[in-house]
1. Answer yes or no: is there a residue in segment 94-102 that is over 15 Å from the mean Cα position of the chain (by Cα), open to solvent by 90 Å² or more (accessible area, probe 1.4 Å) and modelled with pLDDT of 95 or more.
2. Could you pull out every one of the strands (runs of 3 or more DSSP E) wholly within segment 4-88 that has 1 or more residues that are within 22 Å of residue 98 (Cα to Cα) and over 14 Å from the mean Cα position of the chain (by Cα)?
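The values are calculated or read from the model by the stated rules, or taken from the named source; none is laboratory data. This one's a predicted model, so the numbers in the text were calculated from it and none came from an experiment. Every residue, glycine as well, gets a Cβ built from its backbone with ideal geometry; the counts of neighbours run over all protein chains shown. In case anyone asks, the SASA skips ligands and DNA or RNA and just uses the protein heavy atoms, side chains included. Shrake-Rupley method; radii C 1.70, N 1.55, O 1.52, S 1.80 Å.
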Amino acid sequence: MEKRIGSYETLFVVNAALPEEEIKALVEKFTSLVNANATMESVDEWGKRRLAYPINDLTEGYFVVMSYRSASDFPAEVERVLRITDGILRSMTTVAAPKKASPAKENQPEEAAVAESAAE
């Protein structure tokens, strides 16, 4: 049975009370895990942010979003490792929507034609 390749995004929140070196080590651990088993598209470190509600009496977390392409069974493995890792407060993996051309670029020729006819 062939495996389907899909686009996924994983967001995880690291305990911001940890030392900066440990936070960087956790981020590196998961980026290397994804790089070893999938095609990494981007890693966005949002940094330290206030949580909407306290988690384990903590009010701040360090947010990281990874976008990658992988086989359909790999995101479950990433979630499993995130759940058992100390220092991770929350995580969520979603199927990323396919990227479309922006509507502004598609409508640009029509808008130019309308502007030219209005000028005449």
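1. no
2. Values: elements: 5-15, 39-55, 58-71.
Passing ranges, in order: 5-15, 58-71.
Per-residue answers, yes or no, for (1) closer than 16 Å to residue 74 by Cβ; (2) touching a residue at least 12 places away in the same chain (Cβ under 8 Å); (3) small (Gly, Ala, Ser):
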| residue | (1), (2), (3) |
| --- | --- |
| 10 | yes, yes, no |
| 16 | no, yes, yes |
| 42 | no, yes, yes |
| 52 | no, no, yes |
